[in-house]
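The values are calculated or read from the model by the stated rules, or taken from the named source; none is laboratory data. Computed from a predicted structure; not experimentally measured. Every residue, glycine among them, receives a Cβ derived from its backbone with ideal geometry; neighbour counts consider all protein chains shown.
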Amino acid sequence: MSALKILARILATRVGPHIELAVATESGEVLKVLATPDQIDMLVDELEDILNSPTEPGPDEPPQAA
């Protein structure tokens, strides 16, 4: 597994039936991937779950898995 990179930005555009995501890092690297609308929907759901969850576990709660 490669080292973690700091996200600079994400761009998205429709390419035929797919959605192209371009993920740029602060060091200038860009990764482009094609995703289906269903995959993007699942990604949005995951991000919403993360954003709507507590930032730190409570005193009696275990930390959440990554």
### Task
Name every residue in segment 13-48 that is small (Gly, Ala, Ser) and surrounded by fewer than 11 Cβ atoms within 10 Å (Cβ to Cβ), in order of residue number.
16, 27, 28
### Query
Name the pairs: first residue in segment 6-21 and modelled with pLDDT of 95 or more, second residue charged (D, E, K, R) and assigned to a loop (DSSP other than H, G, I, E, B), Cβ to Cβ under 8 Å, at least 6 apart or on different chains?
6/26; 7/26; 8/26
